[in-house]
Structure formats: C-alpha cells, structure tokens
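Heads up, the thing below is written out as structure tokens.
The values are calculated or read from the model by the stated rules, or taken from the named source; none is laboratory data. Given the structure is predicted, the values throughout are model-derived calculations rather than measurements. No Cβ is skipped: glycine too gets one built from the backbone with ideal geometry, and neighbour counts run over all protein chains shown. Surface areas here come from the heavy atoms of the whole protein model, side chains and all, with no ligands, DNA or RNA. Shrake-Rupley method; radii C 1.70, N 1.55, O 1.52, S 1.80 Å.
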Amino acid sequence: MDQSVTIPVSSLDHVKLEYGPRFEYAPAEGETRGRIGLPPDGIPPHFWGIYMRSSDGHAVHIDDVADEDIARAYGAISEELLTDSAMSLWEAVCTAEPASRLANHADPVRSINGTAYLRDRVGAIARACHIGWIAAHKGGNGYDDAFDWEFCPWFLLECCSWDDNALSLKPDWLDTCLALGRSG
C-alpha cells in the first residue's frame with residue numbers, strides 16, 4: 001500500500017492495521033475512482049483510509065476517516081474498550097449453555113488448566129476480538145448484531161482454537177471476521 005503507516009497491534013493478533021491518504025478523482029465525466037497515496041500537486045487527501053492486512057499480506061479496506069489524527073487513533077483501543085471486550089468474552093464462556101458447542105470446548109480447558117488459566121487466555125484475545133469486530137462491522141456496512149451476545153460467542157467458536165486443552169487465536173481469524181462482515 002502506498003504511503004501506509006502501520007498502527008501497532010499485538011504481534012499475537014496475526015494482523016496489521018494500516019492507514020494511508022486516499023483521494024477520489026474523476027478521470028471521465030460521471031466516473032469516480034479512488035487512489036491510495038498522496039494526491040498529486042499537494043492537493044490534500046479527501047479521506048484517510050483504514051486497512052487491515054491479514055497474515056497472508058492481503059490488505060482490506062475497513063473505513064475512511066476525516067484526517068490523519070483520527071486514522072492514527074483508529075487502532076488505539078482504550079483500556080475501557082479492551083476491558084469491555086475481555087469481560088464480554090468471559091461472559092460468553094461463563095454463560096454458555098451446558099453441553100453447547102462453546103461449553104464443550106471451554107469445560108475441558110477449565111477442568112485441566114483451571115479457571116484462572118482460561119480467564120487469562122480469554123483476556124489475551126480481547127484485543128483481537130475487538131479488532132475482529134471492527135473488521136466485521138466495516139464502518140457500519142457489514143455485520144451488525146450485538147457485540148457481547150452474538151459476536152463474542154461467535155468469535156470464540158470460529159476464530160479460536162481449543163486444541164490440546166488450550167485456547168489460542170487461529171492465524172486466519174481476521175479473514176474469518178472479514179467473511180462474516182461480507183455476509184452480514
């Protein structure tokens with residue numbers, strides 16, 4: 001991506017958030033095209049595009065914002081949002097119906113490794129879950145069900161691996177969230 005800047009995200013999340021200047025132009029009457037990168041002749045960009053780059057290197061446009069300061073802050077997840085994500089994920093684990101698919105994954109991990117281990121692992125994926133929500137939500141033009149009641153249980157089931165009595169993030173979790181956004 002031309003002129004992109006990487007927004008710091010945990011390396012454990014297997015994804016990069018990037019932003020870059022974007023402008024639209026009309027090469028012919030009635031036609032509009034977008035271009036990533038600095039506009040010609042010092043024209044200020046119309047937008048700052050936000051992109052997510054998945055583990056395979058593919059960049060996906062997520063949103064447009066008004067200026068670079070907003071773009072830079074886009075990936076900054078406040079402690080409040082991170083805490084809310086962690087609590088919503090933990091709530092999904094704790095309220096999973098007995099014998100449900102989520103309970104069938106979580107219960108063996110909890111019984112072998114303990115509740116503290118499971119709670120710690122759930123907290124460790126909170127940032128990825130929040131970023132996955134941004135990717136699926138796509139600036140309000142994608143998946144739009146509730147974060148806590150629908151998205152978090154879905155994320156735990158579809159974006160996490162429960163193999164070997166452990167909980168970890170799947171390397172393709174971002175692609176899975178983007179696919180959910182396209183179907184929503």
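Figures for the structure shown
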| item | result |
| --- | --- |
| Subset of region 100-117 (residues that are touching a residue at least 24 places away in the same chain (Cβ under 8 Å) and not aliphatic (A, V, I, L, M)) | 101, 105, 108, 113 |
| Residue tally, condition closer than 19 Å to residue 146 by Cβ and open to solvent by less than 50 Å² (accessible area, probe 1.4 Å), over region 91-120 | 5 |
| Matching residues, region 104-141, being among the charged types (D, E, K, R) and closer than 10 Å to residue 85 by Cβ | 127 |
| Residue in region 131-152 that is closer than 22 Å to residue 53 by Cβ, open to solvent by 70 Å² or more (accessible area, probe 1.4 Å) and not small (Gly, Ala, Ser) present | yes |
| Subset of region 98-143 (residues that are under 14 Å from the mean Cα position of the chain (by Cα) and outside any helix (DSSP H, G or I)) | 125, 142, 143 |
| Hey, residue 71 within 21 Å of residue 19 (Cα to Cα), in contact (Cβ under 8 Å) with a residue 40 or more places away in the chain, in a helix (DSSP H, G or I) and open to solvent by less than 20 Å² (accessible area, probe 1.4 Å) or not | yes |
| Long-range neighbours under 9 Å by Cβ, at least six apart or interchain, first residue closer than 17 Å to residue 181 by Cβ within region 145-162, second among the acidic types (Asp, Glu) and assigned to a helix (DSSP H, G or I) | 147/84; 152/91 |
